[in-house]
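Bear in mind that the values in this text are calculations on the coordinates, not laboratory data. Just so it is clear, the model here is predicted, and its values are computed rather than measured. Don't worry about glycine lacking a Cβ; one is built from the backbone with ideal geometry, like all the others, and counts go over all protein chains shown.
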Amino acid sequence: MTAVSPPLASQSAWQDAVIERVVHRTPRVASLFLRASLAAHEAGQHVDVRLTAPDGYQAQRSYSIASAPGDPLLELAVERLDDGEVSPYLHDVAQPGDTIELRGPIGGHFIWRGDDGGPLLLVAGGSGIAPLMAILRHRARVAPATEALLAYSARTWEELVFRDELLTDEASDPHLRVAIATTRGPRHRPTDVEHRFDRELLRTIVAQWNQAPKRVYICGATAFVEAVANAFVAEGMSPAIIRTERYGGA
Amino acid sequence: MPTRGFAGRRPTDDVARRLPPGQHLELDFPVLSLGPTPQVERAAWTFTINHGPRPLARWSWEEFGTLPRTSFKADIHCVTKWSKLDTRWEGVTIDDLLAAAKIAPPTEYLLAQSHDGYDTNLPVKDLVGGQAMIATHFGGEPLAAEHGGPARLLVPHLYFWKSAKWVKGLRFTERDEAGFWELRGYHMYGDPWKEQRYTGDP
C-alpha cells in the first residue's frame, strides 16, 4: 500500500466556483476554467459538479481535473454526451461569469506525486486524457527529468484533446514521448499509427520507448481501459503497477 | 441558488423515488476498478472466512456450489453517481454461509477481501438478515470477470464500492478498520440515501 494523505474535511463541502473561460478544444470536448477555493488537489484527482434548477432539482457529475496542482484556475475537460444531462449544459449554456457548485478534490488512488517517480507510462483514450494531462503538467513542473511516455488514442487527429500542447511539450522535452493512435482518421506524423491500441501495438510502442515503467496510468472508456490493461498484464507487466480510471455512463 | 440556464432532465416519478440524492439512472452497467481485471480461475478459487488471521471456514468453488442459493432483485447505487434499477443476482446469502460454517459472527465488523488486494469494511449487521450475498450470477448468467466474477459481494443498500468484486473472503475485525477506498477519502459506511460519499459527509 502506498502512503495516503489524510482526507480533508473540506472536500465534502459544496462550494461556489465561477466559470472564467470556456475553451472548445475539440468538436466534442470543452475546457471549463474555474475560479474555485477548493483544497489543493493532487494530479489525477476529480471533482464533483452540481447544478441546480429553479425548482430545486439538482444533478451531479464527476469530472477529472486537467490542470496541474497549483495552477490559479481549475480546468475541467468535459466531453459532450449528446444524450447527457450535465455535459450539454456545460458545453452549450454555461458561460464566463456563471457560478456552478463544486466539491472535492476526490480520489486517492489514480494520482501521481512528484516523489512517486517514474518512468511513467500513461495511456489515454479520448477524453480520458484529462487526469493524465494533470499528471504531465505536474511532472513538467516538479520532476521534469522523469521519463514519460503518453500513448494517446482518439478517433481522429482533430479529436486529440490538448494536441498542440502535447506536441509542443514533446518537442522541447527530451524525457517526454507522445505516441498517437488515430482509429478513424489519418495520422499526421510518420511515427504515429492509424490503429487501435492492441497488444502488439502497445508492445511495440513500449519497446521503442525502451524504459521499464514504474507506474502505469490508463484512463478512458471502459472497453478501452479493459483492453489496454489486459494487454499489459498479458505481456507480463505486474498488475500492481497499473492504475486505471474508467469512464462509464453519461 | 439555481444555476443560470439549467433546467435539468428529470426522471419519471417512478424512477425518481428510487434514486438516492445526487444519483441518475443508468441503463448500461459501467465498470469501475482500481486496476486491471484479475483473471480468477474457478478451479483455483476459494472463499475463506477469517477471524483476524485465523481461518474459520473455507470453501472451494465446487463446495461453494452446494450451498443454498438465493435470488436478489435490487437497485444498485455507485458513488460515481449512477444507479441501476432492478438488477437480478443469484448467489449464497451471508446468513447461509455462516450457517453452513456453523459460526456466529465473532465481532461486529469485517473486511471483505478481494483477489486483487482490494478490501472494504462493513458492519456485520449490514450483511445478515437477508441483506447481502456472495453473488455468482448476474441477470441469469455467470458473473463476468469485469463485474467481479467468479464471485463478488453484493450489499445493495450501500454504495456499490462496498460490494467487493473478485471477493475471496471475509475477515472479521475487532473494530471498524478502513478498507481501500475508505483510506482514500471515501466514507466509512456509505449509505446512498444519506449521501455518505466521502470522508466528512454526515
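Here is how the numbers come out for the structure above:
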| read-out | value |
| --- | --- |
| Pairs, first within 7 Å of chain A (Cβ to nearest Cβ) in segment B:180-202, second surrounded by fewer than 16 Cβ atoms within 10 Å (Cβ to Cβ), C-beta under 6 Å, six or more apart | B:L183/A:V4; B:R184/A:V4; B:G200/A:A9 |
| Test: residue in segment A:127-138 that is hydroxyl-bearing (S, T, Y) and within 14 Å of chain B (Cβ to nearest Cβ) | no |
| Set B:G35, B:G22: member being under 16 Å from B:I76 (Cα atoms) and touching a residue at least 60 places away in the same chain (Cβ under 8 Å) | B:G22 |
| Elements of type strands (runs of 3 or more DSSP E) contained in segment A:25-85, each with 2 or more residues being within 14 Å of chain B (Cβ to nearest Cβ) | A:29-35, A:46-52, A:58-64 |
| Selection count where residues are assigned to a helix (DSSP H, G or I) and not basic (K, R), scope segment A:131-150 | 9 |
| Selection count, segment B:12-46, where residues are assigned to a loop (DSSP other than H, G, I, E, B) and either of a type in the set (V, I, T) or farther than 21 Å from B:R88 by Cβ (or both) | 14 |
| 2 or more residues within 19 Å of the chain's Cα centre (by Cα) and either surrounded by fewer than 20 Cβ atoms within 10 Å (Cβ to Cβ) or without any contact (Cβ under 8 Å) to a residue 60 or more places away in the chain (or both): qualifying helices (runs of 4 or more DSSP H) within segment A:161-250 | A:163-172, A:222-234 |
| Test: residue in segment B:80-97 that is closer than 30 Å to A:A59 by Cα, at the interface with chain A (Cβ under 9 Å from one of its Cβ atoms) and part of a loop (DSSP other than H, G, I, E, B) | yes |
| Criterion (within 14 Å of chain A (Cβ to nearest Cβ) and either in contact (Cβ under 8 Å) with a residue 60 or more places away in the chain or within 27 Å of A:S62 (Cα to Cα) (or both)) met by exactly one of B:H147, B:H157 | B:H147 |
| Condition met for A:G128 (in contact (Cβ under 8 Å) with a residue 40 or more places away in the chain and assigned to a loop (DSSP other than H, G, I, E, B)) | no |
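The rows are residues; the columns are (1) surrounded by fewer than 17 Cβ atoms within 10 Å (Cβ to Cβ); (2) basic (K, R); (3) on the phi > 0 side of the Ramachandran plot.
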residue	(1), (2), (3)
B:P36	no, no, no
B:R42	yes, yes, no
B:F47	no, no, no
B:R58	yes, yes, no
B:F64	no, no, no
B:T70	yes, no, no
B:I76	no, no, no
B:L97	no, no, no
B:P123	yes, no, no
